[in-house]
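The values are calculated or read from the model by the stated rules, or taken from the named source; none is laboratory data. As the structure is a computational prediction, the values presented were derived from the model and not from experiment. We place every Cβ from the backbone using ideal geometry, glycine too, and count neighbours over all the protein chains shown.
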Amino acid sequence: MAKHPVQFRLNGSDRATFVDGAENLLNTLRRGLGDFAPKYGCGQGTCGVCTVLVDGEPHLSCLTLAVACEGRHVETASGMADGPDFHPLQAAFMDHFAAQCGFCTPGMLTAARALLAKNPNPTRDEVVEAISGNICRCTGYEPIIAAILAAAGSSGARRA
Amino acid sequence: MALYEGRGMASVNYPIGMNLGGDPSQALIHSNPDGKFTVALSAIDLGQGMKQVSRQIAAETLGVPIEDVYVDTADSDTGPHDMGSFASRGTHRMGNAVIAAAREARGVLLEAAAEELEVSADDLVTDGRGNIHVRGAPSRSITVKATALAAQFKQGRTIAGRGIFLIPLSAVDAETGEMNPNTAFAHACLVADVSVDDETGEVTVLRMTSAYELGRVINPRMVEQQLAGGAWMGISHALYETPEPYYPDPEHGPRDFNEYLMPGPGDIAPYHVTVLERPAPDGPFGGKGPGEMCANPVLPAIANAIYNAVGVRVDELPMTPEKILRGIKANGGVRPQPRRGGPANWR
């Protein structure tokens, strides 16, 4: 089967690779480009651990065709830190112990990042709504909600 | 339609680890030539903090900075034997094994330092910042790193320690049946406030309040985190989780873990925890461990709160709307029970 060339920006860097026509973005990111932040959970769009941003919008990368990302900007949790400096959301997740096993964390961070980019001062209900597509089986969600609200409060240094 | 509020409570005496003795855990600790220590365990960290707690216990016992201790739980084929991460045994069993291993390793470390300083090992103390010095004479000192290098390349000495924690099997007295099944118990009490909809049978957990007595709390933030996550799992066991939650016909039930019903971020209840510390005599620094009891009292407390609200005793989990509606129907209507605690405690 013929491979298709695809080019997109990944966390600010131009990347190019060859993909099968039916290959999903998650597979391309993990196996093709070596970005292991988005996780493979259910593979059917219900658990949220593969969430990435495509042109700033949250997408489930397991349900997104890689070829559909041609020319677009894909952002994952790998691109959140600025060198040694954590993104305010990452710092808030640490401060609030918002991870236990950590498997849901990249998806939670990405969903929260999409929320705060659009709505810098969300209510608790808006935070709950924003992460309602992301399953966590350890924390009981409360520390995650608290971390996102805290990161929103520290908006001075926040990057989009 | 009306909403009925109810309050229920439950208390737990929770045995730590497997009862009746046995239940061993082993730990091995060795120093690398750079003076950093590796703790090898076969116990697995599932996210509950096993590695962090073992690291704290090892650093404290060795007398070295915590950043100089690495905990390796990677491989149960090649690591020292352990029964596993279950029965809330991690902190207590592994922690004790780590202390035993760290004491032995510390003994060798001080002997190696004594040889370099030409003093008796009995006169040496650690400052917890990477130095070993003569008691009362801080200037007569050597770093842990220099000691490890000397042991490795000059003295030909292995700075290492072995540890095991094993509770002897408890014998049963043939006459009385008396035995000593467990050495450490943790305790908790939890109060749940719920509201029950008499038309749909749906239960909303309004809030939960609890007190946990866990022995010495070795990492307070991780204990709080574990208690909060565990309480969520308790709500999930109590009200949600089953292969066919709302449907008598399994055909209509969930087919995998994606459809398996558990509470989402919109279904959680405010939860207040108070942690009490009553150190266990045989625990590592007095620690027992929260473990499974994070979830345990939630189930009976919610069952009691439902009974208090509408007079229905559900004795099968989960307590689904269907079971509650059937109970209300069998009773000929809701039967709210007297509220305990008096009006002052009631919202």
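Results for (1) over 23 Å from B:ASP82 (Cβ atoms); (2) assigned by TED's automatic domain parsing to the domain that holds B:PRO290; (3) loosely packed, with under 14 Cβ neighbours inside 10 Å; (4) aliphatic (A, V, I, L, M), shown as yes or no for each residue.
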{"residue": "B:ALA151", "(1), (2), (3), (4)": "yes, no, no, yes"}
{"residue": "B:GLN155", "(1), (2), (3), (4)": "yes, no, no, no"}
{"residue": "B:THR158", "(1), (2), (3), (4)": "no, no, yes, no"}
{"residue": "B:GLY161", "(1), (2), (3), (4)": "no, no, no, no"}
{"residue": "B:VAL172", "(1), (2), (3), (4)": "yes, no, yes, yes"}
{"residue": "B:GLU175", "(1), (2), (3), (4)": "yes, no, yes, no"}
{"residue": "B:ALA186", "(1), (2), (3), (4)": "no, yes, no, yes"}
{"residue": "B:LEU190", "(1), (2), (3), (4)": "yes, yes, no, yes"}
{"residue": "B:VAL194", "(1), (2), (3), (4)": "yes, yes, no, yes"}
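Any residue in the stretch B:66-76 that is farther than 19 Å from B:ALA160 by Cβ, of a type in the set (A, V, I, L, M) and touching a helix residue (DSSP H, G or I) at 6+ places or on another chain (Cβ under 6 Å)? Quick ask: steps written out before the conclusion?
As a first pass, look at the stretch B:66-76 and keep what is farther than 19 Å from B:ALA160 by Cβ: B:66-67, B:76.
Next, from what is left, pick out any that are of a type in the set (A, V, I, L, M): B:66.
Checking the rest, the ones that are also touching a helix residue (DSSP H, G or I) at 6+ places or on another chain (Cβ under 6 Å) come to B:66.
Within the stretch B:66-76, one or more residues are farther than 19 Å from B:ALA160 by Cβ, of a type in the set (A, V, I, L, M) and touching a helix residue (DSSP H, G or I) at 6+ places or on another chain (Cβ under 6 Å).
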Discussion item. With the requirement that a residue be among the aliphatic types (A, V, I, L, M) and within 14 Å of chain B (Cβ to nearest Cβ), what does the stretch A:42-68 give you?
Written reply: A:VAL49, A:LEU60, A:LEU63
Worksheet entry | Which listed residue is surrounded by fewer than 24 Cβ atoms within 10 Å (Cβ to Cβ) and within 10 Å of chain B (Cβ to nearest Cβ), from A:GLY83, A:GLY140, A:GLY71, A:GLY133 | A:GLY133
Practice prompt. Please tell me if B:PRO300 is in contact (Cβ under 8 Å) with a residue 40 or more places away in the chain, touching a helix residue (DSSP H, G or I) at 6+ places or on another chain (Cβ under 8 Å), more than 10 Å from chain A (Cβ to nearest Cβ) and of a type outside the set (A, V, I, L, M, F, W, C).
Written response: no
Practice prompt. Considering only the stretch A:30-51, state which residues are hydrophobic (A, V, I, L, M, F, W, C) and touching a helix residue (DSSP H, G or I) at 6+ places or on another chain (Cβ under 7 Å).
Written response: A:PHE36, A:ALA37, A:VAL49, A:CYS50
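Quick one: which of B:SER42, B:SER85, B:SER31, B:SER76 is buried (at least 24 other Cβ atoms within 10 Å of the Cβ), assigned by TED's automatic domain parsing to the domain that holds B:VAL134 and polar (S, T, N, Q)? Outline the logic, then answer.
Details: B:SER42 fails: buried (at least 24 other Cβ atoms within 10 Å of the Cβ); B:SER85 fails: buried (at least 24 other Cβ atoms within 10 Å of the Cβ); B:SER76 fails: buried (at least 24 other Cβ atoms within 10 Å of the Cβ).
It is B:SER31.
Sort out for me the strands (runs of 3 or more DSSP E) sitting completely within the stretch B:159-216 that have 3 or more residues that are under 26 Å from B:MET9 (Cα atoms). Spell out how you get there, then give the answer.
Working: elements: B:160-167, B:185-197, B:203-213.
Strands (runs of 3 or more DSSP E) meeting the threshold: B:185-197, B:203-213.
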Response to the item:
Reported set for the stretch B:31-64 where residues are of a type in the set (Val, Ile, Thr), under 20 Å from the mean Cα position of the chain (by Cα) and in a loop (DSSP other than H, G, I, E, B) is B:ILE44
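So, of the residues in the stretch B:207-222 that are under 19 Å from B:GLU60 (Cα atoms) and either touching a residue at least 12 places away in the same chain (Cβ under 8 Å) or in contact with a strand residue (DSSP E or B) (Cβ under 8 Å, 6 or more places away or on another chain) (or both), which turns out to be nearest to the other protein chains (Cβ to nearest Cβ)? Break it down into steps so the answer makes sense when it comes.
Within the stretch B:207-222, the first condition is being under 19 Å from B:GLU60 (Cα atoms), and the residues that meet it are B:215-222.
With the extra rule that they be either touching a residue at least 12 places away in the same chain (Cβ under 8 Å) or in contact with a strand residue (DSSP E or B) (Cβ under 8 Å, 6 or more places away or on another chain) (or both), the set shrinks to B:215-220, B:222.
Working: B:GLY215: 20, B:ARG216: 19, B:VAL217: 14, B:ILE218: 15, B:ASN219: 10, B:PRO220: 10, B:MET222: 7 Å.
It comes out as B:MET222.
Does B:VAL203 satisfy the condition of being more than 14 Å from every other protein chain (Cβ to nearest Cβ) and more than 24 Å from the chain's Cα centre (by Cα)?
Values: more than 14 Å from every other protein chain (Cβ to nearest Cβ): yes; more than 24 Å from the chain's Cα centre (by Cα): yes.
Here the answer is yes, as B:VAL203 does meet what is asked.
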Fill in: Selection within the stretch B:231-258 - at pLDDT 85 or above and at the interface with chain A (Cβ under 8 Å from one of its Cβ atoms)
B:ALA231, B:TRP232, B:MET233
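Being more than 21 Å from B:MET319 (Cα to Cα) and either under 17 Å from the mean Cα position of the chain (by Cα) or not assigned by TED's automatic domain parsing to the domain that holds B:ARG55 (or both) is the requirement here; does B:MET233 meet it? Talk me through it step by step, then tell me what you get.
Working: more than 21 Å from B:MET319 (Cα to Cα): no; either under 17 Å from the mean Cα position of the chain (by Cα) or not assigned by TED's automatic domain parsing to the domain that holds B:ARG55 (or both): yes.
No; evaluated as a whole, the condition is false for this residue.
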Item to complete: Being charged (D, E, K, R) and modelled with pLDDT of 95 or more is the filter here, so list the residues in the stretch B:259-276 that pass it.
Response: none
